[in-house]
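Quick note: the coordinates plus some simple rules give every number you see, no bench work behind them. As the structure is a computational prediction, the values presented were derived from the model and not from experiment. Quick reminder, even Gly has a Cβ in these numbers, built from the backbone with ideal geometry, and neighbours come from all protein chains shown.
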Amino acid sequence: MNEPEPKPSDQHVVEQKARHWLSERGVTENDIAELVYFLQKPYHPELDMEVCLHNVDRVLAKREVQNAILTGIQLDVLAEKGNLEEPLLDILRKDEGLYGVDEIIALSIINIYGSIGFTNYGYIDKLKPGILKKLNDKSTGECHTFLDDIVGAIAAAASSRLAHSEANSE
Ligand code: MG
């Protein structure tokens, strides 16, 4: 008997799509691992990039995270193409300060690994190292209103995961 056709909402299809969309929007898993390294290096002097990458990979395997990625990137892309109604189009293109729904979507990612995620997220959101600086460059004509928060949140969640697993192994 033939295998049934995978449905668009099947877990592995969703996961593949989410990872693919991230890279299509210019964000590699390595970029996110570098943020984790930046956040965790002061506390773990022996830390290497492999461990950071592994933790990013585990966070990306979560359905909540994939849902946030798909939703956020879809809205960014529609805004970029001008395919949203006003006033949302203008708000997203300007990344207006009073619009906080991008941060709310990011919270659904940060929540997964508990409260240290919040501190990590706040910290890199303020400093905007690495890929976050690139995503916040408004001169490119690209719209990353959702993606910058999502990437920061994935890095924060991966950092929390790393911190918890280190604590458990001690
Ligand atoms: Mg944003």
_Length added when fully stretched, residue 23-residue 89, from 0.36 nm per residue minus Cα-Cα_ = 21.4 nm
*Long pairs among 81/134; 62/133; 17/94; 7/128; 17/134, criterion Cα-Cα beyond 29 Å*: 7/128
_Euclidean distance between Cα centres, the range 1-47 to the range 124-168, Å_ = 13
*With the contact rule set at Cα under 8 Å and sequence spacing of 6 or more, what percent relative contact order holds for the range 62-170?*
38
*Taking neighbour Cβ counts within 10 Å as the exposure measure, how do 37, 121, 99 sort from fewest upward?*
99, 37, 121
*Write down the radius of gyration of the chain and its Dmax, each obtained from C-alpha positions, in Å.*
16.5, 55
*So what J values fall out for the range 139-144 if you push phi through Karplus, 6.51 cos²θ - 1.76 cosθ + 1.60 with θ = phi - 60°, rounded to Hz, Gly and Pro as x?*
7, 8, x, 7, 10, 10
*If we count other beta carbons within 10 Å of each Cβ, what is the order of 161, 63, 58, fewest first?*
63, 58, 161
*For the chain, with a Gaussian network of springs between Cα atoms less than 10 Å apart, report the residue from 35, 75, 47 with the top mean-square fluctuation.*
47
